[in-house]
Each structure stands twice: as structure tokens, then as C-alpha cells.
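The next block holds one structure in the form of C-alpha cells; read it before the comments.
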Amino acid sequence: MRMRRLHRKYEPELFRVTVLRALCVATLACGVCLAQVGPPVCGVPAGKQVASLRPQIRPRPTVAAAVATAETAAADPTMMVAAEPMENFGVARYRLEDYADCVGTGGCYWADLDAQAKRAEAELARLIATRKAGEKLAVVLDIDETSLTNYCEMKREDYGFISVPFNEWAVSSDADMALPGTLRLFNQARAKGVEVFFITGRPGEQRAATARNLEAAGYKGWKGLALREGVEKTMATVEYKSEERKKIVDAGYRIVMSVGDQWSDLNGEPKAEISVKLPNPFYYLP
């Protein structure tokens, strides 16, 4: 009887603990979800003085406000308006920043990345299921804006690409930032015994730092890492990456998937059976 009373006494407390634990698990799960569809938190890089190289303009106008200003002025009969066939570059950068930071009405870069990664995961599962006995399968991944993100440095440079600080960032320990969807795809491939090869347009001088950052970001157990060496530095990207894929095929692998953020990552022969183009509104590499 006494044990039954004690049990009843602690039932409410047990219930509260159970609920609290469930809430904690749910909160952590939501945090992971949010991390996959929102921008990472960027601090001031090691050895830098400021978090941004952009002159601080406060408050920064919204894209809608900038467009409204132009439209209002254009409607003023006392205003002589010039022909402007292209969008103002400053406004375009506002639009780009909003997309990268998932604010405003222009969509969310990180959600679009994650959605494409999920499509790739489903397709990779289908491709792996077609493997024949003894067949060696391979997945090819680009690095910048495909496996690792340079978002924090691009944001710091106001999406203008300043080569010296950008390349300093690329070889720093701050640059070990994985794109979550690609890391999931990498782990899916490795769990099924599929080898993963990285082919990047980075110069060979960045090999050690690149390998270190890939490992630190969670890419463990990859098969190969190709960077531009010697005459490859002057080759067109499509030609260089095609030759690197051919080396993989010549080594006896069936390349089932290739993932990149540039068309030049994916075009050329031999191609993967499925090529996955990730969004990249920041820069274009022919």
C-alpha cells in the first residue's frame, strides 16, 4: 500500500520530466531543421578587424523601398529620367543579400539548397539500387558553394569578391563550413560503399588547407581530392573537370552522380549518370 502511494505521489513529477525531455528533443530537432534552411551565424574571422567590409548605411533600404523610390521619381513630370536597361547593382546586391539571409519576399537560398539536396538523395538511392555485383560506384562533388560554403566571407565582402581576403578565408580554419544537404548526401554515399571524389577549381597550393577543412566540416573517408596543378591552372573549367572525371572512369568507377553549383562543374564528357546543379546566385564560372 505504501509503495502504491509513493508511486502515485511521484506520477505527476514523472509526467513533467517526460514532457520536458520530449520538448527538449523536439527543440533540438527543430534547431537542426532550422540550421539546414537558414544562414549560418557569422562572426568576425580570425585576424580580421571588422565583420563586414561594406560601409555601414543605416537604415539599409529594403528592395521594395528602393524600387518604390525610383518609380515615384519616374512618375514626376519635373524629373528627367535616363534610360536604365539594367537593374541598379546596389539594389541587385540588396536582393541577393535578402535571398541569402532568407528575408523579404525573394525566397531563401538555404531552403532551395536543401530541397535540391533532398532530390539528389532520393535519386542517389535509386542509382545505388542498380549496382551490379562487384561494380565500383563513385560520386563526384565540387567544393566551393557545393560541399563548403563561403557565405560568411562573401557577405563580409558585400558579395563583391575581393580576391585577397577571399583566398585568405578559403585556407583559414573559419572556412570549414559544410553545406548540410551535401554532407548528408556524402554520408549516404559512404554508408552504401560508394566512393566520393572532390574535384575543385582551387589551385594546388590550397590542397592541405582544403583537405583539413573538408575533414573538419565532417567529410570523412573520401577517396580523392583533385585541385588544379601545373597546366591545369590555365585550362577551361569544363575541360579540366572532364579530364579529372575521366581519370575516375579509367580507374574502373561508374560515376553515378556529380554535384556542382556551376554548369562548368557538370558539363563535358564523361558526364555522371545524373548531374545535380545547386543554386548559386553569387558568382558565375564559365
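The values are calculated or read from the model by the stated rules, or taken from the named source; none is laboratory data. None of these values were measured; they are calculated from a predicted model. Cβ placement follows ideal geometry from the backbone for every residue including glycine, while neighbour counts extend to all protein chains displayed. The protein model used for the area step is the full one, side chains on, heavy atoms only, and it has no ligands, DNA or RNA in it. Shrake-Rupley method; radii C 1.70, N 1.55, O 1.52, S 1.80 Å.
Whether any residue in the range 257-269 is within 20 Å of Ala175 (Cβ to Cβ) and β-branched (Val, Ile, Thr) is what I want to check.
First, pick out the residues of the range 257-269 that are within 20 Å of Ala175 (Cβ to Cβ): 259-262, 265.
Subsequent filtering for residues that are β-branched (Val, Ile, Thr) retains 259.
Scanning the range 257-269 turns up at least one residue that is within 20 Å of Ala175 (Cβ to Cβ) and β-branched (Val, Ile, Thr).
Counting only residues that are free of Cβ contacts under 8 Å to residues at least 24 places away in the same chain and not in a loop (DSSP other than H, G, I, E, B), which one in the range 101-126 is nearest to Thr149 (Cα to Cα)? In this case the residue turns out to be Ala115.
Exactly one residue among Arg156, Arg93 is modelled with pLDDT under 95 and crowded, with 19+ Cβ neighbours inside 10 Å, and that residue is Arg156.
Here's the yes/no breakdown for (1) of a type in the set (A, V, I, L, M); (2) touching a Cys at 6+ places or on another chain (Cβ under 9 Å):
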| position | (1), (2) |
| --- | --- |
| Tyr159 | no, no |
| Trp169 | no, yes |
| Ala189 | yes, no |
| Phe198 | no, no |
| Ala208 | yes, no |
| Ala211 | yes, no |
| Tyr240 | no, no |
| Glu244 | no, no |
| Gly260 | no, no |
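Okay, residues lined up against (1) surrounded by 14 or more Cβ atoms within 10 Å (Cβ to Cβ); (2) touching a Phe, Trp or Tyr at 6+ places or on another chain (Cβ under 8 Å); (3) in a strand (DSSP E or B); (4) in contact (Cβ under 8 Å) with a residue 40 or more places away in the chain:
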{"position": "Ala208", "(1), (2), (3), (4)": "no, no, no, no"}
{"position": "Arg212", "(1), (2), (3), (4)": "yes, no, no, no"}
{"position": "Lys220", "(1), (2), (3), (4)": "no, no, no, no"}
{"position": "Leu227", "(1), (2), (3), (4)": "yes, no, yes, no"}
{"position": "Val231", "(1), (2), (3), (4)": "no, no, no, no"}
{"position": "Glu243", "(1), (2), (3), (4)": "yes, no, no, no"}
{"position": "Ile255", "(1), (2), (3), (4)": "yes, no, yes, yes"}
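Glu87 meets all of the listed conditions (1) open to solvent by 80 Å² or more (accessible area, probe 1.4 Å); (2) closer than 28 Å to Thr237 by Cβ; (3) part of a helix (DSSP H, G or I) but one, namely (3).
Residue by residue, here is whether (1) free of Cβ contacts under 8 Å to residues at least 12 places away in the same chain; (2) part of a strand (DSSP E or B) holds:
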{"position": "Ala133", "(1), (2)": "yes, no"}
{"position": "Ala138", "(1), (2)": "no, yes"}
{"position": "Met154", "(1), (2)": "no, no"}
{"position": "Phe161", "(1), (2)": "no, no"}
{"position": "Val164", "(1), (2)": "yes, no"}
{"position": "Glu168", "(1), (2)": "yes, no"}
{"position": "Leu183", "(1), (2)": "no, no"}
{"position": "Ala189", "(1), (2)": "no, no"}
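Of the residues in the range 186-200, at least one is open to solvent by less than 30 Å² (accessible area, probe 1.4 Å) and among the small types (Gly, Ala, Ser).
Checked against (1) part of a loop (DSSP other than H, G, I, E, B); (2) open to solvent by 30 Å² or more (accessible area, probe 1.4 Å), Lys247 passes all but a single condition, namely (1).
Within the range 77-97, how many residues are under 17 Å from Pro281 (Cα atoms) and either in contact (Cβ under 8 Å) with a residue 40 or more places away in the chain or β-branched (Val, Ile, Thr) (or both)? Final tally of qualifying residues: 4. Restricting attention to the range 101-148 and to residues that are over 21 Å from Ala175 (Cβ atoms) and hydroxyl-bearing (Ser, Thr, Tyr), the residue that is surrounded by the fewest Cβ atoms within 10 Å (Cβ to Cβ) turns out to be Thr105.
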